[in-house]
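Peer 1: Here it is, the structure, as structure tokens.
Just so it is clear, none of the values below were taken in a lab; they were calculated from the coordinates. Nothing here was measured: the structure is a model prediction, and the numbers come from that model.
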């Protein structure tokens, strides 16, 4: 049995299999709600090979909906408190990491950064109606090329797929042209799949980087196999 297969790969957060709603994963960091128990912290650290920062965003536990990030930093909801941003920056600094954090512009009607930004360390796909000012925030904070688009016709691209520096797993109803566009902009292999026994909103129940992944507890063995194939494990 490989080390990868020996590790626990399915989880719940707040008794929910939709772990992507509550957490954000990058190559080095995992943002989790502040109240998550230490046992779960340790299990996710092992699965993803990251350091964990426990914090709320806008005083809410749905961190995965309100923040998106990569190795450069995070873009968060405009409602994130200054104290929360400072806590995340300070915690990252304690781990020896420089973490840039920016809010979406106050003028933007879109607030759920994690739902509308799909990013790895090089490229981001964002909600097609994100303003130019917001796109600049994403570009400058995450140091990526930014494109607007949809996946399976959905504007909430951060929930419709997961991307790492190795691959993309997208909503099972994504069109051929959408998949081609994902391949073109990310320059990575793209597969379709589902999580939590058929749910197509990949980002709602999958956390991943190039070192590991964690899926919602209802994700089947077949779905886990597709995740491993798509993301290069």
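Peer 1: For the chain, what is the calculated [θ] at 222 nm in deg cm²/dmol (nearest 500), taking -39500 (n - 2.57) for each run of four or more DSSP H residues and dividing by its residue count? Can you show the working numbers first?
Peer 2: Values: 9 runs with 73 residues, N = 233.
Value at 222 nm, helices only: -8500 deg cm²/dmol.
Peer 1: Same structure again: Rounded if a/c is under 1.5, else prolate if a/b beats b/c, else oblate: with a ≥ b ≥ c from the C-alpha gyration tensor eigenvalues square-rooted, which is the stretch 118-233?
Peer 2: prolate
Peer 1: In nm², what is the average projected area of the convex hull enclosing the Cα atoms of the stretch 21-128? Please report the intermediate quantities before stating the final value.
Peer 2: On the way: hull surface 25.9 nm².
Projected over every direction and averaged, the Cα hull of the stretch 21-128 covers 6.5 nm².
Peer 1: How high is the relative contact order of the stretch 7-226, in percent, with contacts defined as C-alpha pairs under 8 Å that are six or more residues apart?
Peer 2: Across the stretch 7-226, relative contact order equals 21 percent.
Peer 1: If a/c stays under 1.5 just call it rounded; otherwise compare a/b with b/c (prolate if a/b is bigger, oblate if not). Do that for the chain, with a ≥ b ≥ c from the square roots of the Cα gyration tensor eigenvalues. All intermediate terms of the calculation are to be shown ahead of the outcome.
Peer 2: Numbers: a/c = 1.56, a/b = 1.06, b/c = 1.47.
Since a/c reaches 1.5 but b/c is at least a/b, the shape of the chain is classed as oblate.
Peer 1: Can I ask one more? Grab every C-alpha pair in the stretch 67-111, bin the distances at 10 angstrom width from 0 up to the longest one, and report whole percents.
Peer 2: Going from the shortest bin to the longest, the percentages are 29, 52, 17, 2.
Peer 1: Compute a Gaussian network model of the chain, connecting alpha carbons closer than 10 Å, and tell me which residue from 117, 202, 101 fluctuates the most.
Peer 2: 101
Peer 1: Still on this structure, I have one more. Would you look at the GNM of the chain, springs on alpha carbons closer than 10 Å, and say which of 158, 149, 20 moves the most?
Peer 2: For the chain, modelled as a Gaussian network with Cα springs under 10 Å, the answer is 149.
Peer 1: A further question follows. Need one word for the stretch 165-213: rounded, prolate or oblate. Basis is the Cα gyration tensor (sqrt eigenvalues a ≥ b ≥ c); a/c below 1.5 gives rounded, then a/b vs b/c decides.
Peer 2: It comes out oblate by the Cα gyration axes.
Peer 1: Where is the GNM fluctuation largest for the chain (alpha-carbon springs, 10 angstrom cutoff): 131, 141, 164?
Peer 2: Of 131, 141, 164, the Gaussian network model singles out 131 as fluctuating most.
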